[in-house]
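The block underneath contains the structure these notes are about, expressed in structure tokens.
The values are calculated or read from the model by the stated rules, or taken from the named source; none is laboratory data. In this text the structure is predicted, and so the values were computed from the model without any measurement. For neighbour counting, all protein chains shown are included, and Cβ atoms are generated from backbone atoms with ideal geometry for every residue, glycine included. Side chains are part of the model used for accessible areas, which takes the heavy atoms of the whole protein and leaves out ligands, DNA and RNA. Shrake-Rupley method; radii C 1.70, N 1.55, O 1.52, S 1.80 Å.
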Amino acid sequence: MGFWDTITDLVDAATPWSTAEAEHPDSHKSPQGDAPLGGNAPAAPAKEISDETTAETDKEEKAEDETAEVKKNEEPAEEEEAEEEPEEEEEEEEEEQDPKDKFEDDCKNSKQCAPAKHHYDECVERVTSQESEGGAKEDCVEEFFHLAHCATQCAAPKLWSTLK
Amino acid sequence: MFARSGLRSTQRVFAGARNGAINVTKRAASTSSGAEASPVRLNIAAAASTAVAIGSIAWYYHLYGPTAHAMTPAEEGLHATKYPWVHQQWFKTFDHQALRRGFQVYREVCAACHSLQRVPYRAFVGTILTVDEAKAMAEENEYDTEPNDQGEIEKRPGKLSDYLPAPYKNDEAARFANNGALPPDLSLMVKARHGGCDYIFSLLTGYPDEPPAGAQVGAGLNFNPYFPGTGIAMARVLYDDLVDYEDGTRASTSQMAKDVTEFLNWAAEPEMDDRKRTGLKVLVVTSILFAATVWVKRYKWAYLKSRKIAYAPPKDANVQHRQ
């Protein structure tokens, strides 16, 4: 899209050691055929993907731990319970889940989106308590937007590297 | 009566103010400090105007302050995230495998409600389908013929020159079938919405499992953060494995959304591949021509730029200088 992308594309096309870009449709079935079309870094993408699949769980756990630590200081017991649930679900349907949902859930629980998620959770708690008392005076749309914005932006490049 | 007395009193006040003003100018002109009452009046006026200003601000806040009625984030809608679309790069074409998958998604999912009226079957030939496939697909539909000898309009199977049929006869029928909401024609939708591809992809995949707490969702509407106003009549349609791709790609929700978005971008801009190639040719040729013109200019101007003009004064002083 950007100007430098085209420059790097040209350089890649000119250099003899770069990967071929056009692939036979059948070769897509192999996991390494799913490497991004740009071929910006010849050997790196395939490696990244395999790393991601293997080290995925590690990353998740790390992210979980970090956010859990952050949360512990602020809100003790409730949050941890809420966070453990999606993790279990992910393990059950690791294969079937939409990659977008998976990456965005990871991003929501990552350190990057911790402030937005904190605000959103707090807002949900506040508004649900208001609703139980009688009409809610506000909604969490704005907080939801901030969280969704953060999560999608963080997940976009990862998602595009897995989709065909 | 009261009004008149009130008027009179205001006149008096104005007169007083005028006197005060005159006094002030007088005092400024001469150094004598004559008028004792004027600073009090000025103080009163200042206090009154301040009170009026504060009061009007308070009144306005009382009317409109506590809740924002316009340009809330929900009204604006969440701006679509930028995705690194490959086909939007300068030297990249559409991924025609993706177009083929996207067309399959359109045909099996979107076409139930959305028309694609500006795209003829001939446009698919060579880009998405082969000639035979496109012909077979066109023949599945019936179109009106020209009037025959008796003036009757008969039906004939479709040809390559025919345009894709619409799911409804007209807009009214479409509204009636969809609870009053009109599914828009998708031919130019990528060009017609802010954010283009990003918006459509985000809209298709952005339905949350449940709306955020406290959000108001109207009757018959669904919550989608990317739709301005967040209430959209279209429900979520793309679910995992809804379509069986013929090339064996796994039909996850985001994969289908990506393919159909790229397909809709092709529908709106079928000339993109050619446009980019032509643009590249234009850039190459014009840069060569520009370099040539620069060289010619320098060549032609060389003797002018390299000449040296010197003034040599006459050696013998024949000239009489005027004293």
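Some observations on this one:
Yes/no matrix, rows are residues, columns are (1) more than 14 Å from chain A (Cβ to nearest Cβ); (2) among the β-branched types (V, I, T); (3) assigned to a helix (DSSP H, G or I); (4) in contact (Cβ under 8 Å) with a residue 12 or more places away in the chain:
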residue: B:A51; (1), (2), (3), (4): yes, no, yes, no
residue: B:I54; (1), (2), (3), (4): yes, yes, yes, no
residue: B:I57; (1), (2), (3), (4): yes, yes, yes, no
residue: B:Y61; (1), (2), (3), (4): yes, no, yes, no
residue: B:E75; (1), (2), (3), (4): no, no, yes, yes
residue: B:K82; (1), (2), (3), (4): no, no, no, yes
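- Among the residues of the range A:130-164, those that are at the interface with chain B (Cβ under 10 Å from one of its Cβ atoms), hydroxyl-bearing (S, T, Y) and either within 15 Å of B:A215 (Cα to Cα) or open to solvent by 20 Å² or more (accessible area, probe 1.4 Å) (or both) comprise A:S161, A:T162.
- Check on B:K159, over 24 Å from the mean Cα position of the chain (by Cα) and part of a loop (DSSP other than H, G, I, E, B): yes
- Restricting attention to the range B:167-195, the residues that are open to solvent by 40 Å² or more (accessible area, probe 1.4 Å) and either closer than 21 Å to B:V119 by Cα or of a type in the set (S, T, Y) (or both) add up to 12.
- Number of the exception - B:S38 against (1) surrounded by 13 or more Cβ atoms within 10 Å (Cβ to Cβ); (2) at pLDDT below 95; (3) closer than 29 Å to A:H149 by Cα: (3)
- Test: B:E146 is open to solvent by 100 Å² or more (accessible area, probe 1.4 Å) and either touching a helix residue (DSSP H, G or I) at 6+ places or on another chain (Cβ under 9 Å) or among the charged types (D, E, K, R) (or both): yes
- Qualifying residue in the range B:65-73 (condition: over 29 Å from B:G229 (Cα atoms) and either crowded, with 17+ Cβ neighbours inside 10 Å or at pLDDT 95 or above (or both)): no
- Residue in the range B:252-270 that is open to solvent by 20 Å² or more (accessible area, probe 1.4 Å), within 14 Å of chain A (Cβ to nearest Cβ) and of a type in the set (V, I, T) present: no
- Checklist (1) over 25 Å from the mean Cα position of the chain (by Cα); (2) more than 9 Å from chain A (Cβ to nearest Cβ); (3) closer than 19 Å to B:Y106 by Cβ; (4) not in a helix (DSSP H, G or I) applied to B:T249, failing item: (2)
- Any hit, the range B:167-188, residues being farther than 30 Å from B:A80 by Cβ and in contact (Cβ under 8 Å) with a residue 24 or more places away in the chain: no
- Residue among B:A45, B:A3, B:A21 that is within 58 Å of the chain's Cα centre (by Cα) and at pLDDT 85 or above: B:A45
- Filter result (within 17 Å of the chain's Cα centre (by Cα) and open to solvent by 50 Å² or more (accessible area, probe 1.4 Å)) within the range B:196-234: B:F227, B:P228
- Every residue from the range B:222-246 that is closer than 27 Å to A:V141 by Cβ and more than 10 Å from chain A (Cβ to nearest Cβ): B:N222, B:N224, B:F227, B:P228, B:G229, B:G231, B:I232, B:A233, B:M234, B:A235, B:R236, B:V237
- Contact annotation: residue pairs with Cβ atoms under 9 Å, 6 or more positions apart or on different chains, pairing a residue in the range B:108-124 that is over 20 Å from B:L242 (Cβ atoms) with a partner that is open to solvent by less than 10 Å² (accessible area, probe 1.4 Å) and in a loop (DSSP other than H, G, I, E, B), are B:S115/B:S187; B:Q117/B:S187; B:R118/B:S187; B:V119/B:S187; B:Y121/B:G158.
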